[in-house]
Structures are given as structure tokens and as C-alpha cells.
Amino acid sequence: MAIPYYHVDAFAGELFAGNPAGVCILSAFLPDSIMQKIAAENRHSETAFVVPRADGDFDLRWFTPKVEDDLCGHATLASAHVLAVRKHNVWPVRFHTRSGVLTVAKEQDSFEMDFPANPPQPCETPAGLLPALGLIDRGLKSAQVMKSRDYLVVVHQAEQVRALSPDIAALAKMDAGSGTIVTAPGEGDVDYVCRMFLPSAGIDEDPVTGSIHCALAPYWAGRLGKNTFRAQQLSARGGYMRCTIAGDRVKIGGRARLYLQGTLEL
């Protein structure tokens with residue numbers, strides 16, 4: 001079986017930046033075990049599997065190297081980019097997913113995703129979280145900690161986010177299935193910065209993460225008193241996105257570049 005396969009750098013205006021995602025175009029979903037093996041073989045933080053529907057929409061699923069994900073931003077952006085490469089001409093495109101129907105609009109050379117907002121709520125700080133992030137070693141004895149799907153740790157300065165050197169094994173023990181986002185006010189024309197760690201799903205650090213802005217954008221909207229943001233993820237590869245609050249939705253915009261196109265032979 002030959003499966004059309006694409007490697008896309010998402011949230012990137014140029015190659016070798018942003019977050020790489022694999023995208024497989026299928027006529028029907030493969031057995032879960034096979035899709036999981038493909039994702040593990042690819043070793044991207046996410047591999048997307050896209051199936052056209054009879055109504056003109058698409059079914060979409062995402063797999064990390066270890067588990068199936070409920071919501072993924074960069075691989076959704078990558079999937080939309082692949083559809084554009086394949087000359088799909090009906091926009092916005094509608095993806096049916098485990099998180100409901102997600103739409104992606106095309107705007108010249110960029111895309112805007114419509115995702116559900118998930119505002120973070122106050123929570124108790126898990127024992128060991130701040131030491132695992134290395135924040136205690138840097139003199140930060142306390143930080144605001146909240147929870148949505150993932151833990152959200154708010155620090156004071158972008159440099160504190162940039163300088164993080166977490167204990168990945170310790171983070172993996174915090175809460176299986178949950179990641180840890182660290183955020184701070186941005187610099188220059190950037191409203192806020194962030195990094196994302198999800199070792200329990202096989203992603204030590206995600207290079208650029210779209211779905212975390214379902215929590216970050218509502219948090220920063222409340223703090224900054226505005227609804228539109230420019231955000232930057234301070235991973236080694238790095239990436240930028242535009243985020244806009246629209247009621248109980250968050251619109252997340254970015255660009256993508258196709259790196260590789262070929263076939264998987266199963």
C-alpha cells in the first residue's frame with residue numbers, strides 16, 4: 001500500500017524552523033496500531049492522518065510517538081497546508097476531530113485555525129514541578145501555576161522562559177497525559193512568550209505548539225486587556241503565531257513550508 005506522505009514545517013516562514021509534522025493522506029483510517037507505529041517511526045512530535053469525507057469535509061486524527069492526541073495545532077496547520085499543495089479549492093476547510101469540528105481558513109500564504117478556548121483555572125502547584133523545571137535553581141521560589149489541559153506556569157520575564165533547562169524525567173512523572181507550559185510577557189512586538197514540555201507523550205519539548213494557545217490566549221487576554229496577540233515560542237527552532245479571542249474560540253494563525261513529499265510503503 002502506497003500512502004501519500006508529506007513533511008511540513010509548521011508555524012514557520014522558512015524551512016528548518018517551526019515544528020515539523022508528518023501528514024498522511026488516506027482513503028480510510030488504518031488500524032490504530034499501524035498509525036501509532038507510523039508516528040513512532042516518523043519521530044515528529046505529531047503525525048496527522050487525513051481522510052476525505054463524502055460531504056467535502058475531512059476527518060483528522062493526530063498521533064505523537066507514544067499516544068493519540070485529542071488536539072494538535074501545528075499538525076492541523078500542516079494538514080491544511082498539504083491540502084493547499086494538493087490544490088484543494090474550498091476554504092475554509094473543515095476537519096472533524098476528537099475536539100469537534102475545527103475550521104482552517106487560507107489567507108494568501110498563511111492559515112488561520114479556529115479552535116475551542118480552554119481558559120486555565122487556579123490549581124495547587126504539584127510537588128516537584130518548579131524544581132523539575134529548574135526554576136528553583138534559578139532563584140524563583142514561587143510562580144503562578146494554573147491548569148487547563150496542561151499545567152500553565154507563569155513567570156516574570158521572557159529570559160526566564162528562554163533559559164529553562166528542565167529535568168525531563170522528573171517532568172514526565174508530574175501527570176501522565178498533561179504537559180507543562182511556561183509563559184511570560186514578551187519583548188518588543190511580541191505580547192507573550194512560551195515553551196511547552198510533554199515528555200509523557202514522547203515529546204520532551206515541543207518546538208512550536210498551536211493548541212496551548214487555547215489556554216494562553218484567554219489568560220493573556222485577561223491580564224493584558226486585549227484580544228489579539230503576537231506570540232513567540234522560545235524553543236531551539238522557534239516559531240511565531242497570531243492569536244485572537246473570538247467568544248469561546250481562539251483563532252490561531254501561522255505559516256508553513258513543505259519540506260518533503262513522497263509515499264509510505266506499507
Report the residue count in the stretch 31-50 for those that are over 25 Å from GLN233 (Cα atoms), surrounded by fewer than 18 Cβ atoms within 10 Å (Cβ to Cβ) and not polar (S, T, N, Q). 5
What strands (runs of 3 or more DSSP E) lie completely within the stretch 209-266 and have 1 or more residues being more than 27 Å from GLU159 (Cβ to Cβ)? 239-246, 249-265
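Can ARG98 be described as among the basic types (Lys, Arg), surrounded by 14 or more Cβ atoms within 10 Å (Cβ to Cβ), closer than 26 Å to GLY202 by Cα and within 16 Å of the chain's Cα centre (by Cα)? Steps first, please.
On the way: among the basic types (Lys, Arg): yes; surrounded by 14 or more Cβ atoms within 10 Å (Cβ to Cβ): no; closer than 26 Å to GLY202 by Cα: yes; within 16 Å of the chain's Cα centre (by Cα): yes.
For ARG98, the condition - among the basic types (Lys, Arg), surrounded by 14 or more Cβ atoms within 10 Å (Cβ to Cβ), closer than 26 Å to GLY202 by Cα and within 16 Å of the chain's Cα centre (by Cα) - is not met.
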Please determine whether any residue of the stretch 180-191 is of a type in the set (Ser, Thr, Tyr), closer than 24 Å to ASP114 by Cβ and without any contact (Cβ under 8 Å) to a residue 40 or more places away in the chain. yes
Which one of these does ALA256 not meet: (1) out of contact with any Asp or Glu (no Cβ under 8 Å at 6 or more places or on another chain); (2) under 24 Å from GLY13 (Cα atoms); (3) surrounded by 15 or more Cβ atoms within 10 Å (Cβ to Cβ)? (1)
Qualifying residue in the stretch 198-219 (condition: over 21 Å from ALA75 (Cβ atoms), buried (at least 20 other Cβ atoms within 10 Å of the Cβ) and hydrophobic (A, V, I, L, M, F, W, C)): no
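Could you please find all residues in the stretch 151-170 being in contact with a helix residue (DSSP H, G or I) (Cβ under 8 Å, 6 or more places away or on another chain) and in contact (Cβ under 8 Å) with a residue 40 or more places away in the chain?
Step one: of the stretch 151-170, the residues in contact with a helix residue (DSSP H, G or I) (Cβ under 8 Å, 6 or more places away or on another chain) are 151-155, 164, 166-170.
Once the filter is applied, which keeps residues that are in contact with a helix residue (DSSP H, G or I) (Cβ under 8 Å, 6 or more places away or on another chain) and in contact (Cβ under 8 Å) with a residue 40 or more places away in the chain, the stretch 151-170 yields LEU152, VAL154, ALA170.
Bear in mind these aren't lab numbers, they're just calculated from the coordinates by the rules spelled out. Fair warning: this is a prediction, and the values are worked out from it, not measured in the lab. Note: ideal-geometry Cβ built from the backbone for every residue, glycine included; neighbour counts use all protein chains shown.
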